[in-house]
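Chemist: Dropping a structure here in structure tokens format, bear with me for questions.
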């Protein structure tokens, strides 16, 4: 099975795209809903929680795990790859969502002004800025969005309060760079309020979501690593787990009516 880990329900937006791109690939999803969201937590906490999540998915038999959470990818991926894997799981692999997203942003060679909406922890890590630093044709502006992932995790995707939050963050980003042409929703929760971002941004600004990008990059990775590809079950099995209370009303907002799961 392919393992997919997220701080909560947001990673289901990545999982759905993976299922659409690779429908036969069996998957196990873990959302750390009991401690979600990660965006305002300290890096040490994020690393500890992410290690626990990855270890759980390894124990389920997953040889490859995707960190669908941008915050976990920013604050934990490198340490896990450099220490946890060589020392305890040399035959396993863990991939994040920041590098493939940055690669997709960097494909356009024309000068471009790019804005990134992210959690406070992802923005503070500077992960996207580092990944895009070598691309001189991109002007990057970041905007941290405290409280937004919390609102989405609670299912408040259409409330006036959430709309006001998105409008405030969009205004702040455009004040940093009025010439922004493209924005990235750099948190897996944010696609659930895509209409609010669309309403808050000028109509000429393109909005990028990560699900299709990560799914396509995963398909390419498996083509380039046939041994890993052959180790993954292709029976289309689906498992979903949560560390918190299972919210059968909220999960379908992220994935669709087929979303299901169980509490650990």
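The values are calculated or read from the model by the stated rules, or taken from the named source; none is laboratory data. Values in this document were obtained by computation on a predicted structure and should not be read as measured data. Quick reminder, even Gly has a Cβ in these numbers, built from the backbone with ideal geometry, and neighbours come from all protein chains shown.
Chemist: Exactly one condition in (1) surrounded by 16 or more Cβ atoms within 10 Å (Cβ to Cβ); (2) at pLDDT 95 or above; (3) under 17 Å from the mean Cα position of the chain (by Cα) is false for residue 255; which is it?
Modeler: All conditions pass for residue 255, except number (2).
Chemist: Is it true that some residue in segment 182-189 is outside the structural domain of residue 67 (by TED's automatic domain parsing) and over 28 Å from residue 67 (Cβ atoms)?
Modeler: So far as segment 182-189 goes, no, none of its residues is outside the structural domain of residue 67 (by TED's automatic domain parsing) and over 28 Å from residue 67 (Cβ atoms).
Chemist: Right, here's the next one. For segment 66-163, give me every one of the helices (runs of 4 or more DSSP H) that falls completely inside it and has 2 or more residues that are without any contact (Cβ under 8 Å) to a residue 24 or more places away in the chain, in contact with a strand residue (DSSP E or B) (Cβ under 8 Å, 6 or more places away or on another chain) and closer than 30 Å to residue 25 by Cα.
Modeler: Once the helices (runs of 4 or more DSSP H) in segment 66-163 are filtered for at least 2 residues that are without any contact (Cβ under 8 Å) to a residue 24 or more places away in the chain, in contact with a strand residue (DSSP E or B) (Cβ under 8 Å, 6 or more places away or on another chain) and closer than 30 Å to residue 25 by Cα, nothing remains.
Chemist: Is it the case that segment 195-202 has a residue that's in the same structural domain as residue 105 (by TED's automatic domain parsing) and either at pLDDT below 95 or not in a helix (DSSP H, G or I) (or both)?
Modeler: Yes.
Chemist: Picking from 7, 26, which residue would you name as being touching a residue at least 12 places away in the same chain (Cβ under 8 Å) and under 27 Å from residue 223 (Cβ atoms)?
Modeler: Of 7, 26, the one residue that is touching a residue at least 12 places away in the same chain (Cβ under 8 Å) and under 27 Å from residue 223 (Cβ atoms) is 26.
Chemist: Collect the residues in segment 43-61 that are in contact with a helix residue (DSSP H, G or I) (Cβ under 9 Å, 6 or more places away or on another chain) and touching a residue at least 60 places away in the same chain (Cβ under 8 Å), keeping them in residue-number order.
Modeler: Scanning segment 43-61 gives 43, 46.
Chemist: Follow-up question, since we're still on this one. If you check residue 207 against the conditions, is it outside any helix (DSSP H, G or I), in contact with a helix residue (DSSP H, G or I) (Cβ under 8 Å, 6 or more places away or on another chain) and within 30 Å of residue 177 (Cα to Cα)?
Modeler: Yes: the conditions hold for residue 207.
Chemist: Kindly provide the set of residues from segment 103-126 that are surrounded by 23 or more Cβ atoms within 10 Å (Cβ to Cβ) and closer than 16 Å to residue 183 by Cα, ordered by number.
Modeler: Scanning segment 103-126 gives 114, 115, 116, 117, 118, 119, 122, 123.
Chemist: Also: May I ask you to list the residues in segment 192-204 that are surrounded by fewer than 20 Cβ atoms within 10 Å (Cβ to Cβ) and within 22 Å of the chain's Cα centre (by Cα)?
Modeler: Matches in segment 192-204: 194, 195, 198.
Chemist: Sticking with this structure for a sec: Do we find that residue 213 is under 20 Å from the mean Cα position of the chain (by Cα) and either more than 22 Å from residue 31 (Cβ to Cβ) or at pLDDT 95 or above (or both) in this structure?
Modeler: Here the answer is yes, as residue 213 does meet what is asked.
Chemist: Please enumerate the residues belonging to segment 145-161 that are over 17 Å from residue 120 (Cβ atoms) and surrounded by 18 or more Cβ atoms within 10 Å (Cβ to Cβ).
Modeler: Once the filter is applied, which keeps residues that are over 17 Å from residue 120 (Cβ atoms) and surrounded by 18 or more Cβ atoms within 10 Å (Cβ to Cβ), segment 145-161 yields only 157.
Chemist: Got at least one residue in segment 80-91 being buried (at least 18 other Cβ atoms within 10 Å of the Cβ), farther than 30 Å from residue 198 by Cα and under 16 Å from the mean Cα position of the chain (by Cα)?
Modeler: no
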